[in-house]
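Only one structure is covered here, and it is reproduced in the block below.
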Amino acid sequence: MANNGRRSVKNKKGPSTGTGGHGRKALEGKGPTPKAEDRTYHKAYKNKQLAERSAAKRGPARAGGAGARSGPKGRATEELVTGRNSVVEALRAGIPAKALHVAIRIEMDDRVKESLKLAAERGIPLLETGKPELDRMTEDAVHQGLVLQIPPYEYEDAYDLAEQTLAKWKKGHISNAPIFVALDGITDPRNLGAIIRSVSAFSGHGVIVPERRSVGVTASAWKTSAGAAVRVPVARASNLNNALKQFKNMGIYVLGLDGDGDVSLPDLTVATEPVCIVVGSEGKGLSRLVRENCDQIVSIPIDSAMESLNASMAVGISLYEVSRQRSAQ
């Protein structure tokens, strides 16, 4: 039968019942596309995780050509000296070293040659290390292909050091009465190094540093001490004021250095006794509690035009005067 030129349409779709809005969510977008580093399946995410773990292991970097790696509870466990000048100077000063990292195919100059020679003479392991690893170790500091790894300094306990030194003196194992230097609020490692050097020069028996908010034995301190840090023990006190009280109970006279002291250094009468000289930071001087825990506050006579002396210089002058008075007895 003819269809008059028209096709027959089968199963033509008619009106359908509405969804009542149930399909609306399917039409909504999923929001902005996450960053590559936030997508767990993306390579950028894995790189970010590795970088964060690496940074957590390294800890914060230190300025001045050295950095520190962190150990348990955030304490620095080792120090890195970077750069050709810094490394060769550290090796010349005899700083204890764990290893010398040398870049693969490093361009040789006199500093590199001397560093390799000094390290070999001292038996320091030489490790060829790729530049990417040196960059990672130093947190992209300027290392010039040389990185010296320094082990952590092993501090003595302040109370144990004082007790043992007193015992040796009483038994006649050391001739001079014990003399210590304690630091109050000093944060410059070069000051510490210079003080260690003075203590060694005048036959002192140790340096006491507080555990918090104080300088520690770093590469800079080692270099400034010119090797004296090998001979003079540095002890830590968890609380400086408590340590000074313990010293006084042991029979050690605690003498604080300050410009407005009640005793002038030449008039000191206890120089031949066991003493602990306490020095504060330049400008701030001794803290209030430390002053209260001193037996005497001693001043060094200086020209009125000069407000104060550098901490290491004040210690050196005081140790000289104590040594002079002892030799006069």
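Tabulated data
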quantity: Net length gained if the chain between ARG136 and ASN176 were fully extended (0.36 nm per residue, minus Cα distance); calculated: 9.4 nm
quantity: Table column - 3J(HN,Hα) (Hz), region 189-206, Karplus curve with 6.51, -1.76, 1.60, x for Gly and Pro; calculated: x, 5, 5, 4, x, 5, 5, 4, 5, 5, 4, 5, 5, 10, 6, x, 10, x
quantity: Cubic angstrom per residue, convex hull over Cα atoms of region 240-306; calculated: 80
quantity: Environment charge at ALA237 (Cβ cut-off 9 Å; Lys +1, Arg +1, Asp -1, Glu -1); calculated: -1
quantity: Point-to-point label distance, ASP262-LYS117, nm (Cα→Cβ direction, 7 Å offset); calculated: 5.9
quantity: Given LYS168/LYS248; LYS98/LYS248; LYS113/LYS223; LYS168/LYS284, the pairs whose alpha carbons are separated by over 28 Å; calculated: LYS98/LYS248; LYS168/LYS284
quantity: FRET efficiency estimate (nearest 0.05) - Cβ-Cβ, ASP157 to ARG288, R0 25 angstrom; calculated: 0.45
quantity: Rounded accessible area of LEU161 (nearest 10 Å², 1.4 Å probe); calculated: 10
quantity: Gyration tensor verdict on region 170-237 (Cα atoms; rounded if a/c is under 1.5, prolate if a/b is larger than b/c, oblate otherwise); calculated: oblate
quantity: Distance (nanometres) between label positions extended 7 Å along Cα→Cβ at GLU107 and LEU126; calculated: 2.0
quantity: Rounded to the nearest 10 Å², the accessible area of GLU163 at probe 1.4 Å; calculated: 90
quantity: Modelled FRET efficiency - R0 30 Å, ILE302 with ARG212, Cβ distances, 0.05 increments; calculated: 0.45
quantity: Evaluated at q = 0.14 Å⁻¹: base-10 log I(q)/I(0), Debye formula over Cα of region 275-329; calculated: -0.43
quantity: Prolate/oblate/rounded label for region 158-304 (Cα gyration tensor, a/c 1.5); calculated: rounded
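The values are calculated or read from the model by the stated rules, or taken from the named source; none is laboratory data. From a predicted model like this one, the values you see are computed outputs, not experimental measurements. Glycine also receives a Cβ, built like all others from the backbone with ideal geometry; neighbour counts cover every protein chain displayed. What goes into the accessible areas is simple: the full protein's heavy atoms, side chains included, and nothing from ligands, DNA or RNA. Shrake-Rupley method; radii C 1.70, N 1.55, O 1.52, S 1.80 Å.
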